[in-house]
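Presented below is the structure to which this report refers.
The values are calculated or read from the model by the stated rules, or taken from the named source; none is laboratory data. Remember, predicted model here, so these are calculated numbers, not experimental data. For neighbour counting, all protein chains shown are included, and Cβ atoms are generated from backbone atoms with ideal geometry for every residue, glycine included.
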């Protein structure tokens, strides 16, 4: 497959909500794009990559939270939705392939239940916690037109961006 060019902040596509995937089982163009997204994510090297980060304005992201530590667990999420989120939250610094070299503190639920389709149209529902839950929420933010900087107050965003130059 191939490596796709990344979209970098402040590109307007990163602030646009994505369109739902209509029928992945019949969308023959989507499967090669998902394969390219995995190639791009691994090359970056990241653990998650959402459609808008490569100019694909559909509700799709890929994730592999374990590949840097050993065996990989690649997953593609189409039209994901969080159906349950735990009340307890964690704050961690998050990086983003679209905003390189910038870590942003983000508060997120520690555990979630997600429903999604895979690239063949199969429906899944599963509980996630820890880093996987955080990664899913980060990528879903991209599908909704949000980046890590949107979790900051305006003064904090201005301060963190002072001197920052996008690639």
*Among 94, 125, which is the only one that is closer than 30 Å to residue 31 by Cβ, surrounded by 14 or more Cβ atoms within 10 Å (Cβ to Cβ) and at pLDDT 95 or above?*
94
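Please find, within segment 16-28, the residue that is farthest from residue 122 (Cα to Cα) out of those that are at pLDDT 95 or above and surrounded by fewer than 15 Cβ atoms within 10 Å (Cβ to Cβ).
This residue is 16.
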*Give me a count of the residues in segment 147-167 that are in contact (Cβ under 8 Å) with a residue 60 or more places away in the chain and part of a loop (DSSP other than H, G, I, E, B).*
4
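Conditions (1) without any contact (Cβ under 8 Å) to a residue 12 or more places away in the chain; (2) more than 15 Å from the chain's Cα centre (by Cα); (3) closer than 18 Å to residue 148 by Cα; (4) surrounded by 14 or more Cβ atoms within 10 Å (Cβ to Cβ), marked per residue:
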| position | (1), (2), (3), (4) |
| --- | --- |
| 3 | no, yes, no, yes |
| 7 | no, no, yes, yes |
| 10 | no, yes, yes, no |
| 30 | no, yes, no, yes |
| 37 | no, no, no, yes |
| 53 | no, no, yes, yes |
| 58 | no, no, no, yes |
*Within the group 99, 82, which residue is within 26 Å of residue 33 (Cα to Cα), under 15 Å from the mean Cα position of the chain (by Cα), touching a residue at least 40 places away in the same chain (Cβ under 8 Å) and surrounded by 21 or more Cβ atoms within 10 Å (Cβ to Cβ)?*
99
